[in-house]
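Take a look at the structure below.
The values are calculated or read from the model by the stated rules, or taken from the named source; none is laboratory data. Not measured: the values here are computed from a predicted model. With ideal geometry, Cβ positions are generated from the backbone for all residues, glycine too; neighbour counts draw on all protein chains shown. To get the accessible areas, we keep the full protein, side chains included, count just its heavy atoms, and leave off ligands, DNA and RNA. Shrake-Rupley method; radii C 1.70, N 1.55, O 1.52, S 1.80 Å.
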Amino acid sequence: LSFFLLCFRTPLVRPLFFTLLLQPPLAQLSSITQPNIVLLMADDLGIGDVGCYGNDTIRTPNIDRLAKEGVKLTQHIAAAPLCTPSRAAFLTGRYPLRSGMDAINHDRVLFWNGGSGGLPPNETTFAKILQQQGYSTGLIGKWHQGVNCESRNDHCHHPLNHGFDYFYGMPFTLISDCQPTETPEMDRAFRRKLWLSTQMIGLVTLTAALGRLTGLILVRWKTLTCLAGFTLLFFISWFSSYGFVRYWNCIMMRNHEITEQPMVTERTTYLILRESISFIERNKHKPFLLFLSFLHSHTPLLTTEKFLGRSSHGLYGDNVEEMDWMVGHVLDAIDKEGLKNTTLVYFASDHGGWLERQENKRQLGGWNGIYRGGKAMGGWEGGIRVPGIFRWPGVLPAGTVINEPTSLMDIYPTVVHLAGGLLPQDRVIDGRDLMPLLQGTVKQSEHEFLFHYCGVHLHAVRWHQKDSGAIWKAHYVTPIFHPLGAGACYDRGFCPCFGEGVTHHDPPLLFDLSRDPSEAKPLSADTEPLFDTVIKQIGRAVEEHRRTLTPVPEQLSLYNLIWKPWLQPCCGTFPFCWCDKEGDN
């Protein structure tokens, strides 16, 4: 004791002692109750489009700053390779086929605001649990989980019915049809067929009428009248929906109120950013959840004039750089309100970049780095491996990189745990709480197996063999690329999940992602001694997983997807739907 007191009196030791005493350690979760949670989700952003994931030509300094100040996940996996099912899984912590939000057919996303499909009301989102825990919950931006079920104003799928106190944004998704100067994108090939069919029926009707007038064809006028009526009805039946896509789908809402129909795309970016910052400012005195669901970087790549021509990757690069600028403004708002150390910020993309999205030799889709495949491909890494970044100063160690398998579904149990809530006990939750892994108290992910679906079709399975460190991935089905070796389905625009456009593998294609992350060299029984053992182990896991699945109503059935006039959100008297309340303000 006397030796300690003697040392303490030494001039050099005393300041050092107090410095160590006052040094802030990583905070324990028990000392921080209910942090603010800001979830930032890009749309169609490829993992190779971000600076901190290896891109040195698109400038993303604000997203890169998040990674520098927090934790970067290198094996962060979407539960589906398309918007609607991936976001359903994100919101519920469950594989989308558990809620009926993945498709048995080729139509794998919601197509209309006036459809009846969507996230079922009996699903419990993380927003609903946080709302019950006293959080102010807000969704700004894209929803794409449906609006109505049986009537125009029942709002059964609406964000406000799924735990969000406040919503501002698009109930649908951004598409090229929303931009009057762009080539229509929605069901482009199907629309061509409908138009061609209308022309052919019309031509038959006109030929019959001319033949009757000239006496060359013996046909009754009653028959001609019926034929002309059928032609007109056929035209109206499809043109009433596809001819007005911009008015039916490209709308903006504030809570249940439509503010723009159609949306004025020139100011959308500004309004979404303004609403996000305003939400933070309004709720700074109580715990809040902000889900900022960007419209960037989905086509038609809405980009303000300030950012046009700034990147070296054309319009797509400009759009990504503008999104990064928006991220920076949100982070600045958090800092300005003194909330940085009490706010968990998360950044991700809903799935991989869209390789096939091209227009007049312009690449309008993202880049997935070294990973094979892209958007719509349920098995290949490029379709499902996405950026994943967490920042929480004082709680999460800065500059950390984690290579363990994680999932977008993990956000659900993670934020529920942080809010002090309880996970639902009446259903399977596929996500896992990430906080122990992010804080470094455990070194390995809780996920042993991850199942990679394309629609309801199981395409691949990942096995994290924890005792060896190997990450095996077995592909049961892969899409057929066209042209061969091209790396995407350029002939279709999307790779299919089943049918003539896929190849079934028996035995499955096997890769070890820990040695071959690009999935370039499939293993075989001749090249890998553990081949048969791995395939059998994965097969047993698939059987066990399938026993946990129960039949549910299909939200993406043909009936639920088709446009229904009586469900169409309308800010006037249907069908005269037009308003601009933002412009009026």
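Quote the charge dipole size of segment 119-260 about the Cα centre in Debye, to the nearest 20; the model charges only the Cβ of Lys and Arg (+1) and of Asp and Glu (-1). Working shown, then result.
Numbers: 12 positive and 10 negative charges, 165 e Å.
Using Cβ point charges on Lys, Arg, Asp and Glu, segment 119-260 gives about 800 debye.
Using alpha-carbon positions, what is the distance between the centroids of segment 409-445 and segment 149-224, in Å?
Rounded to whole Å, the Cα centres lie 44 Å apart.
Are there DSSP H segments in the chain that both extend 20 Å or more along their axis (alpha-carbon positions) and score a mean Kyte-Doolittle hydropathy of at least -1.0? List them, or say none.
188-214, 221-242, 268-282, 314-336, 531-546
Whole number in Å², please: accessible area per residue of the chain, 1.4 Å probe, ligands, DNA and RNA not counted.
Accessible area per residue, the chain: 43 Å².
Sort segment 247-406 into rounded, prolate or oblate with this rule: let a ≥ b ≥ c be the square roots of the eigenvalues of the Cα gyration tensor; rounded if a/c is under 1.5, and if a/c is not under 1.5, prolate when a/b is larger than b/c, oblate otherwise.
Oblate, since a/c reaches 1.5 and b/c is not below a/b.
Taking every pair of Cα atoms in segment 248-336, average 1/r, invert it to obtain the Kirkwood radius, and report Rg/Rh to two decimals.
We get a ratio of 1.00 for segment 248-336.
Residue separation times 0.36 nm, minus the C-alpha to C-alpha distance between Asp154 and Thr304: what's the value? Walk me through the intermediate numbers first.
Numbers: separation 150, 0.36 × 150 = 54.00 nm, distance 3.51 nm.
Here the answer is 50.5 nm.
I need the P(r) histogram for segment 188-243: all alpha carbon pairs, bin width 5 Å from 0 out to the longest distance, whole percents.
Whole-percent P(r) values from 0 Å outward: 4, 20, 25, 20, 13, 9, 7, 2, 0.
Quick one: which of 291-301, 50-60 comes out on top by average Cβ neighbours within 10 Å, and what's the full order, highest first? Don't jump to the answer; show the numbers that get you there.
Details: 291-301: 25.6, 50-60: 18.0.
Those peptides, ordered most packed to least, come out 291-301, 50-60.
Could you list, in their original order, any pairs among Lys193/Lys473; Lys68/Lys536; Lys375/Lys536; Lys340/Lys581; Lys68/Lys306; Lys72/Lys361 whose Cα atoms are separated by more than 32 Å?
Lys193/Lys473; Lys68/Lys536; Lys340/Lys581; Lys72/Lys361
Before rounding to the nearest 500, sum -39500 (n - 2.57) across all DSSP H runs of length at least 4 in the chain and divide by the residue total; then give [θ] at 222 nm in deg cm²/dmol.
-9000 deg cm²/dmol
How do 350-362, 115-127 rank on mean C-beta neighbours within 10 Å, highest first?
115-127, 350-362
Over 10 Å intervals from 0, what percent of Cα-Cα pairs in the chain sits in each interval?
In whole percents, the pair-distance histogram is 3, 16, 26, 25, 15, 7, 4, 2, 1, 0, 0, 0, 0.
Starting from segment 487-572, pick out the chymotrypsin sites (Phe, Trp or Tyr not before Pro) whose DSSP state is loop and whose Cβ has at most 14 other Cβ atoms within 10 Å.
Sites meeting the loop and neighbour criteria: Tyr490.
Using a 1.4 angstrom probe on heavy atoms only, work out the carbon and sulfur share of the accessible area of segment 279-410 in %. Write out the running numbers ahead of the final one.
Numbers: 2080 of 4080 Å².
Roughly 51 percent of what the probe reaches on segment 279-410 is carbon or sulfur.
Using the Cα centre as the reference, give the magnitude of the dipole from point charges on the C-beta atoms of the chain (Lys, Arg: +1; Asp, Glu: -1; all else neutral), rounded to the nearest 20 debye.
400
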